[in-house]
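Rule-based calculations on the coordinates, nothing more; no lab input. Since the structure is predicted, the reported quantities are computational estimates derived from the model, not experimental observations. Don't worry about glycine lacking a Cβ; one is built from the backbone with ideal geometry, like all the others, and counts go over all protein chains shown.
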Amino acid sequence: MDAHKKLRQRDALELASGYSERFRIVEVSAIGVFFLLLAGLAYQLWDPTRRSPWLVLSAILLAYLAADFVSGLVHWLGDTWGSPEWMIIGESLIRPFREHHVDQEAITRHDFVETNGSNCLISIPVAVAALIIRLRGDDDLSIFAVSFLGSLIFWVFATNQFHKWAHLSDPPLVVAWLQRLHLVLPPEHHAIHHAAPFSKYYCITVGWLNWPLTKLRFFVALEHLISMLTGALPRHDDFGELAAAETETATRPEGTGGYASEGTSTCSASSSGFPRKRAATATNEPGESVTR
Ligand SMILES: [Zn+2]
Ligand SMILES: [Zn+2]
């Protein structure tokens, strides 16, 4: 039997119902604190930016690349390990990623708080660290570090918004233009991740790192390492033991090249939701095989 026929993902409504009123209050508070801290950082960086604009600009650009990597790493963690039932991390990190695979359009119905609250929450400790560094130092290294960390949390905040835009069938004109230039996550590029078993192209800020990380088999290597050290099976909670085991086998270097090249998936996530007219124009990345 084909591995993809054994996929059993959780019910979308069950996953969506995991978003509680209690957590929403946490998210609203986190957004308020996040923007206060960001305003504080911008104020602290005003003079250094006028003094050394190239130093700050290079930190901002490097942070964009770093945010793309962080988005991939966090996304991979949420997709691959753990359970939505876990305390705090399950509700804030794992549940939204699992819901997104079974109902891609849910993200387009999320309001500003649900879209961006979690990323604001995880960025608060970084913002505090950046402020402490700035208050302690005025040398070039400190300014670069503060600019980098401040920009990084801004791009991390923007990531879910960029991801949401990639799922809109009719995004704002300026967003569509940025997507065409691949300056924010383009829908056709992101569609590659939405082919079962969702095991590549995790980066969702802009996606520039997806191709090199896939070629380097970065996440595959991490999965094998974690499995070797802990005995845990990647995607076990999401797919069930049998499908997860076969997916894991298929991603091994000596394997057949994986799931996504095995024809049409029966998983609901790959057969629903992606912006139709835009996905229709999607093209494979060099050397990639895509199933939608
Ligand atoms: Zn995913
Ligand atoms: Zn998506």
> Which values, in whole Å and largest first, are the semi-axes of the equivalent ellipsoid of the range 3-215 obtained as the square root of 5 times each eigenvalue of the Cα gyration tensor?
Replying inline: 31, 20, 15
>> Can you compute the charge dipole magnitude of the range 63-127 about its Cα centre, using +1 on each Lys and Arg Cβ and -1 on each Asp and Glu Cβ, nothing else charged? Give it in debye, rounded to the nearest 20.
In response: 160 debye
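About the Cα centre of the range 3-215, what is the dipole size in debye to 20, counting +1 per Lys and Arg Cβ and -1 per Asp and Glu Cβ, all else neutral? If you can, show how the numbers build up before the last one.
Details: 17 positive and 19 negative charges, 80 e Å.
It works out to roughly 380 debye.
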